[in-house]
1. Return the total of residues in segment 48-79 being buried (at least 24 other Cβ atoms within 10 Å of the Cβ), within 17 Å of Cys19 (Cβ to Cβ) and either modelled with pLDDT under 95 or not small (Gly, Ala, Ser) (or both).
2. Checking the conditions here, which among Asp37, Asp31 is open to solvent by less than 40 Å² (accessible area, probe 1.4 Å) and out of contact with any helix residue (DSSP H, G or I) (no Cβ under 8 Å at 6 or more places or on another chain)?
3. Determine whether segment 93-110 contains at least one residue that is open to solvent by 30 Å² or more (accessible area, probe 1.4 Å), within 30 Å of Leu209 (Cβ to Cβ) and either in a loop (DSSP other than H, G, I, E, B) or among the polar types (S, T, N, Q) (or both).
4. Just for segment 120-140: of the residues that are among the β-branched types (Val, Ile, Thr), surrounded by 12 or more Cβ atoms within 10 Å (Cβ to Cβ) and farther than 12 Å from Thr202 by Cβ, which one is modelled with the lowest pLDDT?
5. Closer than 18 Å to Trp237 by Cα, of a type in the set (S, T, N, Q) and open to solvent by 20 Å² or more (accessible area, probe 1.4 Å) - does that describe any residue in segment 209-220?
6. Restricting attention to segment 141-153, report how many residues are in contact (Cβ under 8 Å) with a residue 40 or more places away in the chain, open to solvent by 10 Å² or more (accessible area, probe 1.4 Å) and under 16 Å from the mean Cα position of the chain (by Cα).
7. Name the pairs whose Cβ atoms lie under 7 Å apart, with the first residue in segment 96-119 and without any contact (Cβ under 8 Å) to a residue 60 or more places away in the chain and within 12 Å of Ile204 (Cβ to Cβ), the second of a type in the set (D, E, K, R) and open to solvent by 20 Å² or more (accessible area, probe 1.4 Å), and 6 or more positions between them or separate chains?
8. Does Val3 qualify as being within 24 Å of Leu78 (Cβ to Cβ) and open to solvent by less than 10 Å² (accessible area, probe 1.4 Å)?
Amino acid sequence: MLVCVVVPVRDDGALLDACLRSLARQTRVPDEVVVVDNGSTDDTVEVALRHGARVVTESEVGIAAASSTGYDSTTADLIGRCDADSVLPRHWVAELVATFESDDDVLAVSTNARFYDAPILTGAALSTFYVGAYHLIVGAGLAHWPLFGSTMMMRRSAWLRVRDVVHRHDVMLHDDMDLAVHLGDLQLAGQGRIAYRHDVVTGISARPLSVRNDPWLRTYRALHSFSVHGVDGRPWWRWLRADPAGLFRRLGLTRKVDAIDVVSGGGHLPTEVTRHERAAPPASSRGGAASADRARRDEQRDGPRDGTEREGSARDVSR
């Protein structure tokens, strides 16, 4: 399977250099690295090109828009995602690829993480608290494993199913949580699952803990990442849909749902998903302006947009 790793970035050239070096040292080098420049004014683009990455420009500022543009730009079978401040262990690509190869039901997978720049005496505890709390609290809200944007990978086929309903234009949410909600809708419908690799540990920056990064705003964005989905973002309703004890299925309190409608939400409790795919999915208010966006993203995927895509060597990221 071909692997592309997407790195959305804005004004983080110094940290991006370390991130791309860690990708170049992989035991299984990715087939392509895409750096999405989200309006950088520093040397981000130069750093990316120096490492042989393909640079794609997204002028709409926002991590959701930048990440989505990166996902749209590749045709690789598997799409990895990390942040500019991520330092990936040497076996990161190989281990995540193995996760997909060993289980066809896996839609996406994220991994464990540790701070590499926290104080020595408190770093381990802070890492355990921050990363552990994220997976525990967000996972409890989702009724399944969350995705962690600093270290994750998904099937391109899964992305294609949800690309028109993710909230790529909403700057007030966390894009990885939004993606987890939509891919989780597929899991709750019995069409795959999100996995978690606790044994693979990625290095991340402790910057989110800084008061300069406005922890209250991050908390609001987390809550908004659920509330923006309406009934499908309500934790209690997601647990009802998960139906872990099988009670609703035994009582027949479910209904059949067309496969194409699973990603459109609607608060259904599917017991059986039919495989009939209609010619075109219905417009979804959850994605916002989906029809207009689709044409724009198709243009991005099929060719450079206004000449803003610049390429280094796709495979030779070790240079």
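The values are calculated or read from the model by the stated rules, or taken from the named source; none is laboratory data. Please read all numbers here as calculations on a predicted model, not as lab measurements. Neighbour counts are summed over all protein chains in view; Cβ atoms, including those assigned to glycine, are modelled from backbone coordinates with ideal geometry. These accessible areas exclude ligands, DNA and RNA; they are computed on the full protein's heavy atoms, side chains included. Shrake-Rupley method; radii C 1.70, N 1.55, O 1.52, S 1.80 Å.
1. 2
2. Asp31
3. Looking for residues that are open to solvent by 30 Å² or more (accessible area, probe 1.4 Å), within 30 Å of Leu209 (Cβ to Cβ) and either in a loop (DSSP other than H, G, I, E, B) or among the polar types (S, T, N, Q) (or both), one finds none in segment 93-110, hence no.
4. So in segment 120-140, the residues among the β-branched types (Val, Ile, Thr) come out as 120, 122, 128, 131, 137-138.
Those left that are additionally surrounded by 12 or more Cβ atoms within 10 Å (Cβ to Cβ): 122, 128, 131, 137-138.
If we keep only those that are farther than 12 Å from Thr202 by Cβ too, we end up with 122, 128, 137-138.
On the way: Thr122: 84, Thr128: 89, Ile137: 96, Val138: 96.
Among those residues, the one meeting the criterion is Thr122.
5. As a first pass, look at segment 209-220 and keep what is closer than 18 Å to Trp237 by Cα: none.
Among the residues of segment 209-220, not one is closer than 18 Å to Trp237 by Cα, of a type in the set (S, T, N, Q) and open to solvent by 20 Å² or more (accessible area, probe 1.4 Å), which makes the answer no.
6. Step one: list which residues in segment 141-153 are in contact (Cβ under 8 Å) with a residue 40 or more places away in the chain, which gives 141-147, 149-153.
Cutting the leftovers down to open to solvent by 10 Å² or more (accessible area, probe 1.4 Å) gives us 143-145, 150.
Filter once more, so that each one left must be under 16 Å from the mean Cα position of the chain (by Cα): 144-145, 150.
The number of residues fulfilling the criteria is 3.
7. The qualifying pairs do not exist here.
8. On the way: within 24 Å of Leu78 (Cβ to Cβ): yes; open to solvent by less than 10 Å² (accessible area, probe 1.4 Å): yes.
So Val3 fits the description; yes.
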